[in-house]
Amino acid sequence: MAMLFRKDKGAPHLTRIARLSVVGLIVALSAALINTIWAVYLDSFLHSEVYVGLLSACFTILAFISYFVFIPVVEKRDKAKIFFYSLLSLIVFFLLFSITTNFYLFLILAFALIPFSTLKLTSYGLLIRDASPQKKLSRNEGLVYTSQNIAFVVGPLIAGYVAAQFGVGKIFIIAAVCLLSGALVFKFSKIPGKQGKKKIDYKVVKNFIDFFKNKDRVIAYILGGGISIWWILIYLFIPLRIIRSGLSELWIGYFLFAVAVPLIFLEYIFSNWACKHGFRKIFKLAHLCLAVVALICFFLTDIYAILFMLVLASVPMAMLEPTTEAYFFDILKGKERYRFYGPYNTAIDAGSLTGKLVASAVLILLPFKFVFLAFSMLMFLLYLLSFKTKKVVESKRK
């Protein structure tokens, strides 16, 4: 309980990690709502799984670039202020999405939203890191991810029901309300944000080269991207497959609800295990399990059996979500996190882009079941890469 409460002049108070976890839960509820219906929303304009994948890939490329462009902002500015104002900006965009029916207006809004989304993600991650002692980073990451995944249990059920009854537009309004609530809770929590470095790295190309010339950072980057590869399958292509199978949007909510349940119960356990015993074994086991599950799905034809196997795959995902980012922070030195955490977050977009392009390419040439075979091969490659990770054990650090 020490990670949640501390005593200040004899009275118990929520720790900074606990307050950030509460804020993360509220903000994550907004993300869970949007993620549930995003593929369906895009499909309402494009009417094609391939076009949905390709347009999503374009969004990902812009996000990738923005992480590097905004390195000076992240290094120089107060992280708490960046997070707060990025939430306010996203609220405006979501409200505009709720009333937008013109495709070209949607494109303009979607591209304009991306930089604020990347700033939100980067600043929040750094707030977590700055609030965590080195020896407890994995455990704190596990707590934060567990709280966020509570939102990903509730969110899909809400989104599936509301979308089926009232339409997709109402989801954006509810998501905006969640962001506003999160922003207010964050403001009143008075969570401090560090200013960062005095020497600012303004050169985008140099930042890119410096990040990727370190082998250990590259390995951590690829493993971090692997998580996004898998979630692209779950949140973008499986919802479309559910609709194509004749099921309603409500089934998307049921499925994504079930996917998040194992994460809530297991992420803290696995992150605590990694803190005590290291990362390599858990990386190897998780990626191998994902490769096997995807391969099994390739041979299945019943949509319900496929959904059941993908829900089981959330167990190995619970091993990876809270530990890959902790591993990245653990291999950094000094204040490198202010310069390199933003670029590391492009792993999310690189993984998303890889998943979208691979799946879209497969769907152009082959039936949908071959998407599972492609993802199985990608997860197996990540299993092999896990052998190259450093032997880092947080609990043994001084």
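FYI, it's all coordinate maths here, none of it is from the lab. What you are looking at is a predicted structure, and each value in this text was computed from that prediction instead of being measured. Here the Cβ is made from the backbone with ideal geometry for all residues, glycine too, and neighbour counts use every protein chain on show.
When both segment 237-264 and segment 268-330 are represented by their alpha-carbon centers, they are found 18 Å apart.
Where (i) 0.99; (ii) 0.94; (iii) 1.16 are the candidate values, the label of the one calculated here for Cα Rg over 2.2 N^0.38 Å is (ii). Short-range pairs are left out: with C-alpha atoms under 8 Å and at least six residues apart, the relative contact order of segment 276-387 is 51 percent. For segment 311-370, the equivalent ellipsoid derived from the alpha-carbon gyration tensor has semi-axes of 31, 17, 6 Å in decreasing order. Of all the options Ala63, Ala347, Ala110, the one that moves most in a Gaussian network model of the chain with Cα springs shorter than 10 angstrom is Ala110. Look at the dipole of the chain built from charges on Cβ: of His47, Pro156, Ser89, the Cα furthest out on the positive end belongs to Ser89. When the chain is treated as a Gaussian network with alpha carbon springs shorter than 10 Å, the biggest mean-square fluctuation among Ala80, Ala326, Ala164 belongs to Ala164.
For the chain, the membrane-span-like helices by this rule, meaning whole DSSP H stretches whose C-alpha atoms cover at least 20 Å of axis and whose Kyte-Doolittle mean is -0.5 or above, are 16-46, 49-69, 79-99, 103-130, 137-166, 169-189, 215-232, 249-277, 280-299, 314-330, 336-365, 369-385; this says nothing about an actual membrane. Working from Cα pairs under 8 Å separated by at least six residues, relative contact order for the chain is 29 percent.
Spherically averaged projected area of the convex hull of Cα atoms, segment 26-161: 9.2 nm².
Net charge in the neighbourhood of Ala159 (other residues with Cβ under 13 Å of its Cβ; Lys, Arg +1, Asp, Glu -1) is 0.
Any of Lys79/Lys281; Lys136/Lys187; Lys187/Lys215; Lys136/Lys284 with alpha carbons more than 31 Å apart? Name them for me. As for pairs spanning more than 31 Å Cα to Cα, those are Lys79/Lys281; Lys187/Lys215. Using only alpha carbons, segment 207-287 has a radius of gyration to Kirkwood radius ratio (Rg to Rh) of 1.11.
Under a 5 Å amide H cut-off, with hydrogens placed 1.01 Å from N, Thr15 pairs with Phe5, Arg6 among residues at least 5 apart or on other chains. A cut-off of 5 Å between modelled amide H atoms, ignoring neighbours fewer than 5 places along the same chain, links Val392 with Phe279, Arg280. Inter-label distance, Leu366 to Asp78: 5.3 nm, where each label sits 7 Å from its Cα along the C-beta direction. Let's test the formula: R0 of 35 Å, r as the Cβ-Cβ distance of Ile331 and Thr101. What FRET efficiency results, to the nearest 0.05? It comes out at approximately 0.15. Note on the chain: with a GNM built from Cα contacts shorter than 10 Å, the maximum mean-square fluctuation among Ser138, Ser181, Ser123 falls on Ser181.
Inter-part distance, segment 336-398 to segment 107-177, computed on C-alpha centroids, equals 20 Å.
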